[in-house]
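A short write-up of the structure that comes next.
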Amino acid sequence: MRGLPNMGCEVISKNSKPLTQRERAHLAAVKSLPCSVCNAEPPSSAHHIRQGDHFTTVALCADCHQDNSLGWHGNRTAWKIAKMDELDALNVTLTGLSKDQI
């Protein structure tokens, strides 16, 4: 069964703990960045590398995140073209976040 599309809402599992203030602030900062794969303009979605670990999230546009052909949750074509994996994209995201703090 396919998941529901993210329509600008925060999708949270019924089994997950409520977000802390720091987690909320981090996710908001990630979503304010351009896509870490194709550099599409923000806002981005926050792709969790490991479910529930909110500090290892990657800024992704809708196509690079959930598109059936291009996205991580699809055939990953955009990722293959960019020759990236999740750690490469996390590095781009963290670099973007560190620029905001300088």
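Derivation of every value follows stated rules applied to the coordinates shown; laboratory data play no part. Small disclaimer: the values here were computed from a predicted structure and weren't measured. A quick note on method: Cβ atoms are made from the backbone with ideal geometry, for glycine too, and the neighbour counts reach across all protein chains shown.
Before moving on, here are some points about what is shown:
Quick grid of which residues meet (1) touching a strand residue (DSSP E or B) at 6+ places or on another chain (Cβ under 6 Å); (2) among the aromatic types (F, W, Y):
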| position | (1), (2) |
| --- | --- |
| H47 | yes, no |
| G52 | no, no |
| F55 | no, yes |
| A59 | no, no |
| A62 | no, no |
| L94 | no, no |
| S98 | no, no |
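- Test: residue in the range 19-41 that is among the charged types (D, E, K, R), loosely packed, with under 11 Cβ neighbours inside 10 Å and within 14 Å of the chain's Cα centre (by Cα): yes
- If the condition is being assigned to a loop (DSSP other than H, G, I, E, B) and either of a type in the set (D, E, K, R) or free of Cβ contacts under 8 Å to residues at least 40 places away in the same chain (or both), then the range 33-52 contributes C35, N39, A40, E41, P42, P43, S44, R50, Q51, G52.
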